[in-house]
Amino acid sequence: MKKPIFRLFSLALLSVTFATAFVACDDKDDNPTEEPGQGNFTVNRDDLKGTIGNGDHVTLSDGTYKLTGKLIVANGGKLTIKAGVKIEATDLASSNDEIRYIAVGQGGQIFVEGTATNPVVMTATTHVPGSWGGLVLCGRAPINVGETASAEVSDLTYGGSDVNDNSGSIKYLRIEYSGYAYNAEKEFNGFSMFGVGSGTTIDYVQSYEGSDDGFEFFGGTVQANHLVVYNAAPEVGDDLFDWTQGWTGGGENWYGFRSNPGNRGIEADNNDSNEAATPISNPTIKNLTLVGGNNGEENQALKLRVGTKAQFDNVVLKNWGTGFDVQAAPDLSAGYVGTELKATNVRFEDIATPANATAEGIYTENANATGAGNGADVPAWANGWTAGL
């Protein structure tokens, strides 16, 4: 009789132990402070910063993470961010505090796994444009300012010869209140892509209420699709989209909107020190809508200059002073108009001057052009995961 009783007691005790352990694990998982990853990097949910190094694979799985400094994904490191995660950049404690931003260096990779109903959000505690640095990718694809260069807002190296370089995959991401400025000449964008290769996936990304450019391409070959920029805050934003340094990639389905006195819809350059530098900026952009506020000092939907080439198709431009503005000769872009710099199937709405004198012949019109999908209105693909629209 004693043996069965003891055995029953032991089983009961074991059951209680397992139950306690299960509850303890559940409590920790619901509100973790530190989360071990694969490798040496440990995630602190309330103090996210540091370098994800070679062999580290860090996953941000759920809830909110406080970004308290710079988070760098270095060569051989990987960062995965699951659907619904929010990364919130905290306020600077002093002028000497470390700037908050996320940067992926050459050989590092980021995987943003948002969905149309549950996007990943990178934001700031203070909801004001310029509150933090935003997202930076640095790849090994070609640029035209040297074989390699140093990124102006992270000091990471970018550029090289690998046109197919792969910095990861980013889907359904919203970047809010970015554009922190070190000074008048050095300022973060919403999403900066330095020498990013065509092996990288960029799809369904919004820059919301940033103080500088929404998206800027510094060389590289990446294709970026389903991009949205929204600027309405009184703090002046810069251009909605920008490229320079020999970007030869492209994009489909871009929707840009601004009502504040920000700058242009697109500002496009090749190389401001050497307009003929190769590779020459020459992206192909299809399904583009740019809606302006018909205000500000740079009231052009597209400003094309310093040697850039480009091909546009299915374009809707609304509420700008000038639609296409090409820099006058001897700027090399002036000589490309109508051949290597042209736009087909363009629709103008409330545009005072469709093209400046240099840009005459750059476009052909189509009253049925749909732009990003719904004319000047918000396209269906942007519903659910964006803000402001």
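The values are calculated or read from the model by the stated rules, or taken from the named source; none is laboratory data. Predicted, not measured: the structure shown is a model, and the values here were computed from it. When we count neighbours, we look across all protein chains shown, and the Cβ atoms used for this are built from the backbone with ideal geometry, even at glycine.
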| task | Evaluate the following for L389: is it buried (at least 21 other Cβ atoms within 10 Å of the Cβ) and touching a residue at least 24 places away in the same chain (Cβ under 8 Å)? | result | no
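For every residue, the table says whether it meets (1) in a strand (DSSP E or B); (2) in contact (Cβ under 8 Å) with a residue 12 or more places away in the chain; (3) closer than 15 Å to V205 by Cβ.
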| residue | (1), (2), (3) |
| --- | --- |
| A103 | yes, yes, no |
| A116 | no, yes, yes |
| T126 | no, yes, no |
| V153 | no, yes, no |
| Which residues, counting only those in the stretch 266-280, are among the small types (G, A, S) and closer than 11 Å to A310 by Cβ? | A268
| query | Which members of the stretch 140-155 meet the condition of being crowded, with 22+ Cβ neighbours inside 10 Å and either over 30 Å from A276 (Cα atoms) or small (G, A, S) (or both)? | reply | A141, S154
| task | Scan the stretch 60-70 and give yes if some residue there is at pLDDT below 95 and part of a loop (DSSP other than H, G, I, E, B), otherwise no. | result | no
| field | Qualifying residues in the stretch 81-101 (those that are outside any loop (DSSP other than H, G, I, E, B) and surrounded by 22 or more Cβ atoms within 10 Å (Cβ to Cβ)) - the one nearest to the chain's Cα centre (by Cα) | value | Y101
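Every residue, every condition in (1) under 10 Å from the mean Cα position of the chain (by Cα); (2) farther than 25 Å from T278 by Cα, yes or no:
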{"position": "N189", "(1), (2)": "yes, no"}
{"position": "M193", "(1), (2)": "yes, no"}
{"position": "G199", "(1), (2)": "no, no"}
{"position": "Y204", "(1), (2)": "yes, yes"}
{"position": "F217", "(1), (2)": "yes, no"}
{"position": "T221", "(1), (2)": "no, no"}
{"position": "L227", "(1), (2)": "yes, yes"}
{"position": "N231", "(1), (2)": "no, yes"}
| Qualifying residues in the stretch 140-160 (those that are among the polar types (S, T, N, Q) and over 18 Å from N270 (Cα atoms)) - the one modelled with the highest pLDDT | T157
| request: Evaluate the stretch 330-346: report whether one residue or more is among the β-branched types (V, I, T) and touching a residue at least 60 places away in the same chain (Cβ under 8 Å). | output: no
| request: Go through (1) of a type in the set (G, A, S); (2) surrounded by fewer than 18 Cβ atoms within 10 Å (Cβ to Cβ); (3) at positive phi one by one and return the number of the condition A329 breaks. | output: (3)
| request: Being of a type in the set (S, T, Y) and under 19 Å from L288 (Cβ atoms) is the filter here, so list the residues in the stretch 217-237 that pass it. | output: Y230
| Within the stretch 165-281, strands (runs of 3 or more DSSP E) holding 2 or more residues that are aromatic (F, W, Y) | 191-194, 201-208, 215-218, 241-244, 250-258
| field | Residue that is modelled with the lowest pLDDT, among those in the stretch 238-263 that are farther than 25 Å from G373 by Cα and of a type outside the set (V, I, T) | value | P261
| field | Residues that are under 28 Å from G114 (Cβ atoms) and either surrounded by fewer than 22 Cβ atoms within 10 Å (Cβ to Cβ) or of a type in the set (V, I, T) (or both), drawn from the stretch 264-278 | value | I266
| query | Out of curiosity, is G220 modelled with pLDDT of 95 or more, crowded, with 19+ Cβ neighbours inside 10 Å and closer than 19 Å to E152 by Cα? | reply | yes
| request: Can you give me the number of residues within the stretch 111-139 that are in contact with an Asp or Glu (Cβ under 6 Å, 6 or more places away or on another chain) and buried (at least 24 other Cβ atoms within 10 Å of the Cβ)? | output: 2
| request: Select from the stretch 303-319 the residues that are buried (at least 22 other Cβ atoms within 10 Å of the Cβ) and either at pLDDT below 95 or over 24 Å from the mean Cα position of the chain (by Cα) (or both) and list them in ascending order. | output: G307
| request: Give the residue that is surrounded by the fewest Cβ atoms within 10 Å (Cβ to Cβ), with candidates limited to residues of the stretch 234-249 that are farther than 16 Å from G214 by Cα and among the small types (G, A, S). | output: G249
